[in-house]
Amino acid sequence: MSNWVLTSKDANLVKDIKTFEGTIQYQTKLGYYKNDKFWTYKDSLGYPTIGYGHLIVNGEDFKQGLTESQANALLDKDIAAKVADAKSIYEQYGMKGGIELQKVLTQMVFQMGKSKVLAFKNTLSCMARQDYKGAAAGMRNSAWYKQTTSRAEALARIVESL
């Protein structure tokens, strides 16, 4: 029986994702948000993205941009899928950690996708054993950490503190 408690409606999770993905104020500075709309930009790996970190897939058309309410609706849908993916990883590894670990796992899945997070076998095994120092070390010893160091470090510190 899983002790998963995180939901996609968790206000702190939503706020944290918006902060990590880029608030309206931040995206305005970069020119991704203008004329009251979000516009397509390339993420750190060069993939087309819009709003709060939504990876644009084939068949999606955002040439008209996104209003704030459309971006929020898209984020709600994305978070619901990522929370479900993170929960499945959590249960697959038999983790027991509380909501903070669940949020970190969800953040990782939101940023990298489920398949890439599943490649963190050592880190996930450490999380399952509640070896949070080992899990944080595994997070830091990754290409993900090198690509988005400040975000990955913030999440590693949360795990380390558990």
ask   = Can you name every residue in segment 28-48 that is assigned to a helix (DSSP H, G or I) and either closer than 22 Å to Trp144 by Cβ or touching a residue at least 60 places away in the same chain (Cβ under 8 Å) (or both)?
value = Leu30
Positions within segment 29-48 being exposed (fewer than 13 other Cβ atoms within 10 Å of the Cβ) and of a type in the set (Ser, Thr, Tyr), in sequence order = Ser44, Tyr47
inquiry  = Quick test for you: out of Gly51, Gly94, pick the one residue that is touching a residue at least 24 places away in the same chain (Cβ under 8 Å), of a type in the set (Gly, Ala, Ser) and either farther than 22 Å from Ser161 by Cα or open to solvent by 40 Å² or more (accessible area, probe 1.4 Å) (or both).
reply    = Gly51
inquiry  = Name the single residue that is most open to solvent (accessible area, probe 1.4 Å) among those in segment 58-87 being more than 20 Å from Lys37 (Cβ to Cβ) and over 15 Å from the mean Cα position of the chain (by Cα).
reply    = Asn58
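The values are calculated or read from the model by the stated rules, or taken from the named source; none is laboratory data. All values derive from a computational prediction rather than experimental measurement. Heads up, the Cβs are rebuilt from the backbone with ideal geometry, glycines too, and the neighbour counts pull from every protein chain shown. Only protein heavy atoms, including side chains, enter the accessible area calculation; ligands, DNA and RNA are left aside. Shrake-Rupley method; radii C 1.70, N 1.55, O 1.52, S 1.80 Å.
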